[in-house]
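Student: Take this structure first; my questions come after.
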Amino acid sequence: MQMKPDLFLRCAKCSKVLFSKEFVRNLRVCQHCGHHHRLPADERIEMTFDEGSFEEVDAGIRSLNPLEFPEYAEKLERGFKATGRYDSVVRGNAMLGGVSVAAAVADFRFMGGSMGSVAGEKITRTLELAMDERIPAVIFTATGGARMQEGLISLMQMAKTAAACRKMHDEGVPFFCVLTDPTMAGVLASYASLADVIIAERGALVGFAGQRVSAQAGVERVPDNFQTSEYNFDHGMVDKVVERKEVRSTLITLVQHLMVKN
């Protein structure tokens with residue numbers, strides 16, 4: 001009897017065969033090598049926040065094509081088909097361990113999780129909601145960086161989100177960021193590095209310029225774990241590296257101890 005091909009898959013790191021259902025039950029972590037595969041935003045939301053508590057807002061916001069960049073409209077459409085959403089960031093209200101939080105989750109399937117005008121606006125609105133409601137902000141990153149098809153409009157989101165982070169700090173409202181694979185470039189250089197507590201999933205790619213760009217700049221020898229969660233933790237850029245199964249419990253501990261009361 002011929003087996004259905006979707007019953008099995010291969011780990012992206014060790015290439016061992018995995019049962020699809022068991023793989024999903026294990027939160028898309030390889031049972032053999034522990035590699036944390038990328039998660040769709042909906043699965044991330046389901047495994048993190050209290051059951052049924054996430055309420056999405058701003059779902060209808062979508063990017064225009066201000067620079068009339070070639071094939072940008074087609075890429076936006078492909079992103080919509082892959083995710084069912086108009087951009088790379090999903091934001092909303094949620095409960096986490098019984099605590100109200102302002103939440104945002106990036107989905108790498110939408111143009112590599114890149115940050116354009118919509119993603120930057122959603123991140124900023126998440127932080128503003130946290131300040132208005134005096135509740136913690138919890139944001140998950142998964143991105144290759146700024147979206148080149150929007151040019152300076154995209155790069156401006158770095159300054160906008162960083163300014164919102166500064167207001168969070170001034171208001172004394174906690175902001176927790178979870179770095180997932182990958183977290184690179186303009187996102188890492190803005191709000192992702194400005195949280196009060198920065199958590200990273202095990203083995204995630206975390207850095208500014210990719211290794212190919214670094215090589216072009218003349219950087220030929222780097223440590224074996226360069227630009228990983230563990231490397232960033234060893235050098236003080238990350239507060240804690242956690243297994244995926246521990247992310248929810250870690251965040252619950254943080255929000256319950258550091259939540260701001262009205």
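Student: Taking all pairs of different Cα atoms in the chain, averaging 1/r and flipping that mean, what Kirkwood radius in angstroms comes out?
Tutor: 19.0 Å
Student: Continuing with the same structure: Near the amide H of GLY116, under 5 Å away, which other amide H atoms are found, from residues 5 or more places off or on another chain, if H is placed in the peptide plane?
Tutor: For GLY116, the qualifying residues are ARG147.
Student: Membrane-span-like helices in the chain: DSSP H runs reaching 30 Å or more (Cα, own axis), mean Kyte hydropathy at least -1.0?
Tutor: In the chain, the long hydrophobic H runs are 151-171.
Student: Looking only at Cβ-Cβ distances, which cysteines of the chain have no other cysteine closer than 4.7 Å?
Tutor: CYS165, CYS177
Student: So, one more: What value in Å³ per residue do you get for the convex hull of the alpha-carbon atoms in region 1-154?
Tutor: 145 Å³
Student: Next question, about the same structure. What pairs in LYS13/LYS245; LYS13/LYS122; LYS160/LYS245; LYS21/LYS122; LYS21/LYS75 have C-alpha atoms more than 25 Å from each other?
Tutor: Cα-Cα > 25 Å for LYS13/LYS122; LYS160/LYS245; LYS21/LYS122; LYS21/LYS75; rest within.
Student: Find how many whole Å separate the alpha carbon centroid of region 19-60 from the alpha carbon centroid of region 147-161.
Tutor: Going from one Cα centre to the other spans 28 Å.
Student: Then there's this: Can you find, among LEU64, CYS11, VAL24, the residue farthest towards the positive end of the dipole of region 1-106? Put +1 on the C-beta of Lys and Arg, -1 on that of Asp and Glu.
Tutor: Positive-end residue among those listed: CYS11.
Student: Now for a separate question. Place the peptides 98-108, 17-27 in order of packing, highest mean first, counting for every residue the other Cβ atoms within 10 Å and averaging per peptide.
Tutor: 98-108, 17-27
Student: Please rank LEU67, LEU76, LEU152, fewest neighbouring Cβ atoms within 10 Å first, as an exposure proxy.
Tutor: LEU152, LEU67, LEU76
Student: In addition: Classify region 5-88: rounded, prolate or oblate, from the alpha-carbon gyration tensor (a ≥ b ≥ c, eigenvalue square roots; a/c under 1.5 rounded; otherwise prolate if a/b is larger than b/c)?
Tutor: Oblate.
Student: Which percent, nearest 5, of DSSP beta bridges in the chain are antiparallel?
Tutor: 45 percent
Student: Okay, next question. What list do you get for LYS81, LYS75 if you sort them by fewest beta carbons within 10 Å?
Tutor: Lowest count first: LYS81, LYS75.
Student: Counting Lys and Arg as +1 and Asp and Glu as -1, each charge on the Cβ, what is the dipole of the chain about the Cα centre in debye, to the nearest 20?
Tutor: So the magnitude is around 620 debye.
Student: For the residues ARG147, ARG85, what sequence is obtained by ranking on other C-beta atoms within 10 Å, fewest first?
Tutor: Final ranking by Cβ density, sparse to dense: ARG85, ARG147.
Student: Right, something else. Sorted from largest to smallest, which semi-axis lengths in Å does the alpha carbon gyration tensor of region 45-125 give for its equivalent ellipsoid, taking the root of 5 times each eigenvalue?
Tutor: Values for region 45-125, descending: 27, 12, 9 Å.
All of the numbers you see were taken from the coordinates with simple rules; none came from a lab. This structure is a prediction, so every number in the text was calculated from the model and none was measured. Heads up, the Cβs are rebuilt from the backbone with ideal geometry, glycines too, and the neighbour counts pull from every protein chain shown.
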